[in-house]
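Where a number appears in this text, it was derived from the coordinates with a stated rule and is not lab data. Remember, predicted model here, so these are calculated numbers, not experimental data. Neighbour counts run over all protein chains shown; Cβ positions are idealised from the backbone, glycine included.
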Amino acid sequence: MTERPFEGTIYSTPFPRLLFSLWRREATGRLRLKKDEEEKVLYLDKGRVVIDRAGLDENELLKALVKKRILPAEQARHCERHAAAHNVSILRDLSELEIISPLPLWNLMESFFVRRSFAIFDWEEGRFAFEPGAPLSAGGALGYLPTLDVILQGVRQMHNAGFIAHHLPEDDEPIYVASPYFLHQLALEPHEKYALNTLHLAPNLAAFYAMCEFGKAESRKTLFAFACLDILAVPDKSPKLRPADPGPSEQGKVLAALNEKCACAYKYITKQIGPLARTIIGNALEEVKPVLGPMFQSMRLQSDGRVEVDSAMVANVNHLPEDLFRALVRGYDEILVAEVLAVKKSLGAAHESALVKALEKAGCL
């Protein structure tokens, strides 16, 4: 999908949630985060966090190695002087002087780079702006980090308990626990695996806290990570600028418009590859199903490409409570994203762009 620039507040979209959103979109570009006079820049490549040369302070890396007693202070000073005299990077000098071999050096560098981002996880003020396709300098990428691991590591060291609590459901509020397709990719620690198993048994967070065998503060960190990763469903509490919600009489029209877009995507890919389109779209729906709500678990792809969900809910769509209707719309949005990504993987970026343009016109109210 062709990415567009977007921005927002960190209070509404916490940094770990923002990283997850960019990972899920397989986004490539530059993320700027600013709080007061402080600005941080992070690059992403197909959803992965990039270790960019400009963002790596090599002198600070040397100081960290000395502080951790990996390097003697005198050896670090010698490396710094030698690198400056020969006009090479400190990374190269550490290897060429045979102080640290490349394998442990790159592991240390990755750990240092991630730790430098930890402070941002606790930010609750400030703004972010994502610029798609913003290029790195030539040879600027020193490595790539798995974004889901970065999110987990960052949340584990958070200290802003009030900010964490704000983005969790109320203790007595019903919760929904999903098992997304990427769950097996998460490097969960033993206590996080335990928390996830316990969460499946709890109807709400009050029951979870009563069952959980570790402290509430640490429990909330784990729950916050699950919320940021769409494992724990969290109601949207943040006020956002958006078009006025349709009145009850308009909800059926919105649902019909969303399904018209689904039919448009199906028609487009069928025109390109024929009957195989049904298999590709069907696989896309199966992949996205685990991250959708209960109303989508029995969804069915119709012959014209529309997606049928809970029949009782559809029959009463004009009278749905606002929270359920919002969940229904979000689910169809996820389906459309999955279908566009399926077109991209099957037919390439040019067809992805063409489909996006077609979807913008289809189903307009």
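Okay, residues lined up against (1) surrounded by 14 or more Cβ atoms within 10 Å (Cβ to Cβ); (2) more than 27 Å from Lys345 (Cα to Cα); (3) of a type in the set (Gly, Ala, Ser):
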site: Cys262; (1), (2), (3): yes, no, no
site: Tyr266; (1), (2), (3): yes, no, no
site: Ile281; (1), (2), (3): yes, no, no
site: Gly293; (1), (2), (3): yes, no, yes
site: Val307; (1), (2), (3): yes, no, no
site: Val317; (1), (2), (3): yes, yes, no
site: Glu322; (1), (2), (3): no, yes, no
site: Val329; (1), (2), (3): yes, no, no
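Just a yes or no: is a residue in the range 1-15 polar (S, T, N, Q) and assigned to a strand (DSSP E or B)?
Scanning the range 1-15, I find at least one residue that is polar (S, T, N, Q) and assigned to a strand (DSSP E or B), so the answer is yes.
Going residue by residue through the range 95-111, is there one that turns out to be part of a loop (DSSP other than H, G, I, E, B), over 30 Å from Ala227 (Cβ atoms) and touching a Leu at 6+ places or on another chain (Cβ under 8 Å)?
Checking the range 95-111: at least one residue is part of a loop (DSSP other than H, G, I, E, B), over 30 Å from Ala227 (Cβ atoms) and touching a Leu at 6+ places or on another chain (Cβ under 8 Å).
Yes/no per residue for (1) in contact with a Leu (Cβ under 6 Å, 6 or more places away or on another chain); (2) over 30 Å from Asp333 (Cβ atoms):
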residue	(1), (2)
Ile10	no, no
Pro14	no, no
Leu18	no, no
Gly55	no, yes
Asn59	no, yes
Ala76	yes, yes
Val114	no, yes
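Give Ser346, Ser353 a once-over and let me know the one that is among the hydroxyl-bearing types (Ser, Thr, Tyr) and closer than 16 Å to Arg25 by Cα.
The unique qualifying residue is Ser353.
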